[in-house]
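Report on the structure given below.
FYI, it's all coordinate maths here, none of it is from the lab. Because the structure is predicted, anything quoted here is derived from the model rather than measured. Cβ coordinates were reconstructed from backbone atoms using ideal geometry, including for glycine residues, and neighbour counts include every protein chain displayed.
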């Protein structure tokens, strides 16, 4: 039974050898009085020929069906001239079978393992063990293994220690909801699953580990959005006695060598572009820009300040902005296409979309088409075009709104147009660092400052005086690594001094009880010689997704949950025995019907 | 700030260079008008000298205390003759400091970082980030990293794919209790944390992965016994188209090369001993024998069958057994020591302990001391001694009881005596495979067969006929790897055919609902071409513990829970907000007071 040969390795060097192969029946066909079976395993496919001379094997081969598990013994021989298959590594040979054994039968599969005729994802996830038989899925799993292996080799060679931190911990303060695990031994007590090992890795720095990493499982009970999973994997990395620059350099070198070693993709910018948070929003309308293409956004507020176009004037008067970008060679869009674009902009939250299709800029307003030409002078149109870098044949898209709103809509339109017009080079990876975000964001709803990154992030030392006078202006020593429009991960230099940390908590308006309950162990640790430290935590799922050219992370996770958080194969989550709940000292409290909620309001 | 030198690397080659070191103050002493500070980091310790010539640095150095975080710039110079320290890698040089910076202060530590004066483990776990500063703990973490890295390298080179399986799954059927995670999106539904990825790895074999491994986190909500943790780490490994022999060979080669590469320990038996489950119980009174020493147990029932000693006669008449072993050179034990041994045997569950101290075997009964000599003849005493391999000066320990009970007591006594008498060679590792256990164990309490290993374990094909006639005689293709008295892990060849699996379930008396609920996905998958497969799952915590010579697994886990399942540093588990519970659709049901239980009985 011991497998000594794979189905992907036999070639003309092996002609004349007797070998035994083990695998699955990829296909069977009867042709010219003989039976051909393609046997498949993880490594490839080999063609096996059963001739009637060998009666026992031949007869058994007649009964065999797709996906049966077999072993075949035979002699390697050269394929007859003209029947070679150059697309297979084993295409020059075939196995002349002398013995066949059926190790297991298979019912007909619920769907074909054909990449081009896949069923709905629901079916694929339900039968994930069959879906994973497709070579493409297997390649994704292999790539994922190579990526984590590469990271481990790379960091181990640089004296990092991989340390496993616990999964059963206490609630962490990172914004999302915790998954809770009731304790059987302590009634009314709960463990929480880590949203990330944030406090633990900082505690490892206090312990003097200096260079820590972990390929860590993290858990967030978030409302499910496109392409999130309840559990995900990140490279968690932390160092002591480093600057932001040290961490960015290390990250850049790791991602560069990993990408170049494991894929054929070209890295667009070496060194990686560094884009400030503010610049990213202003140019790309997002903090995770795709810089594989241009179409940068510009501010045309000053140009249009004096037009007669009421929408622009009113917006500017209310403290808003007017911004836009140029879409190359899109002046030929039909009116219908332009209406669709306007509707798309509205679906992104815009009040409207102004467009100018440029035929001949030399003719001023006469040379452009737009429903609003009458409000603009020749000079204004030319100035707008210059500011947006638009030429004859281009389309200009303009939004007037509050600044963040306008930028957000334009960012989405920019991404949409790039994909629509095929401007996105799939063979290219454009990594960038987004740096210098503000330390705090103003939370309009709650009327308070929230941390942009997390409450342990250090401000730039030169901005510390602003903590009292103008907290919104304080820049954080924090950074994101982004790639092709995705955020891969973020990191920061952490606060390591108690007094600064206390001041930040004060600005964030945390109560002493809150601080003790959420950050107690870390603050305690900071009393005993905490070194300066910082780190970064790129997500593995998204990284592999980008490297594998897949549209979502489920394609690079062996057993993902669907977008509703359900494992369709295992059927989880599921009800459990009352006895189990009793042991855990909890009971289910089903949502109250509407009416009883109303009642309670009456009281 | 970027750290370019460690505190462990400077030597005479660097004399004359100016360097900056970053680390913790290991100690400070003032001597002969200068200040010596030993600065420590992960890599070592360097002696720094502050002379009053350099006033600023000297004055600051005067204020510095243990465990403060500092950076020091200075020039490497040779230590004055006679002051070298040959036990330090940096012992020939010192740093003449020109600049000192205090990066962070430290309060006095709650305990000394001195291996010989450690506080209670409770304090160590509470301040784990300080406990981990001890070089010994750091070495353990490093060894653990090296072990997992070695395993990953080894298996990757052999074409295994590491695949991450989910942590949020459905209840598995492995005997222990599951940790449950309430779902927020599905009221009354729960995920479970995996006790092991058993079904998932078998599904990966159905998927055609063929060679899978994972360093996997597992969770068991067991009643806490010595040296268990709620979460633990195992090497989970599964292969298709293999025999038991293939898996044992691979495991042996992996453990051999790992041990020899990473430690100075000598492997006692190469190839590893293979001991049948039955032999292990008979010779060592356990299924996880420590074979670093002898003192094997023998059956003396037939020799003592005809003595006048009532205890032996009655036990044998009731179907019991009389067994014992010889303790070398222990005839000189005092009566008090022997009484203590008897009490120990009783605490192990024995009804009593019979001992014979042999002075001169040639003199028969006259030559031995024992409270029961009068019941034995010369021949019988000599025969017993021969059977147990006892010589003059040895002590024979004998127990009469039901077989399993007698063996269990003798096994514990054997281990106790070996440690008591210093017969255990700490520099030696004795791996062994325990093979051929029974497929089923009779559960006396429930009056049914239970799986010895787990319900997917395959019987020996030649024993399959016994499934109907005598299930207790069927041997499993299962194996444990044991080492120095610990079980490191177990594995088996799995059933891959539905009909055999159905038969096993029938013998185990599982209901169809039970089967569907617990094993549904796997059984479904078995319809679609499941290959023959098997695997093994050694525990990483215990392996590293053995390799590091530590007495318990908490010493090789960064942030362990205590033996009551509590994380003393994070304070988990803990109560949570009512709001969190409400979102999860559960409420706490505290244990009822005794009285109300009584009431409910009255009803």
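What shape does region B:12-104 take by its C-alpha gyration tensor, where a ≥ b ≥ c are the square roots of the eigenvalues and a/c under 1.5 counts as rounded, a/b above b/c as prolate, and the rest as oblate? The shape class here is rounded. Structural descriptor for region B:12-104: relative contact order 33 percent, calculated from alpha carbon pairs under 8 angstrom and at least 6 residues apart.
Across the identical copies, the 7 Å label point of residue A:9, projected outward along Cα→Cβ, sits 4.0 nm from its counterparts, in ascending order. The angle between the Cα long axis of helix B:244-262 and the main principal axis of chain B comes to about 30°, on a 0 to 90 degree scale. Among beta bridges from DSSP that stay inside region B:12-104, the antiparallel ones total about 95%.
Each copy carries residue A:75; placing its label point 7 Å along the C-beta direction from Cα gives inter-copy distances of 8.3 nm, listed from smallest up. Which distance in Å, rounded to a whole number, links the C-alpha centroids of region B:91-157 and region A:490-538? When both Cα centres are located, 21 Å separates them. Of all beta bridges that DSSP places with both ends in the protein assembly as shown, some 90 percent have antiparallel geometry. Label-to-label distances for residue B:352 across copies, nearest first, come out at 10.6 nm, using points 7 Å from Cα in the beta-carbon direction. Counting only DSSP beta bridges with both residues in chain B, the antiparallel share comes to about 90 percent.
With respect to the axis relating copies B and A by rotation, the chain B residue whose beta carbon is closest, plus that distance in Å, is B:586, 2. Between 0 and 90 degrees, the angle of helix B:498-507 with respect to the longest Cα principal axis of chain B falls at about 70 degrees.
Is the C-alpha gyration tensor of region B:398-500 telling us rounded, prolate or oblate? Criteria: a/c under 1.5 is rounded; beyond that, a/b larger than b/c is prolate, otherwise oblate. It comes out oblate by the Cα gyration axes. For region A:481-529, just say rounded, prolate or oblate: build the C-alpha gyration tensor, square-root its eigenvalues into a ≥ b ≥ c, call rounded for a/c under 1.5, and beyond that prolate if a/b exceeds b/c, oblate if not. Prolate shape, in that a/c is at least 1.5 and a/b is the bigger ratio.
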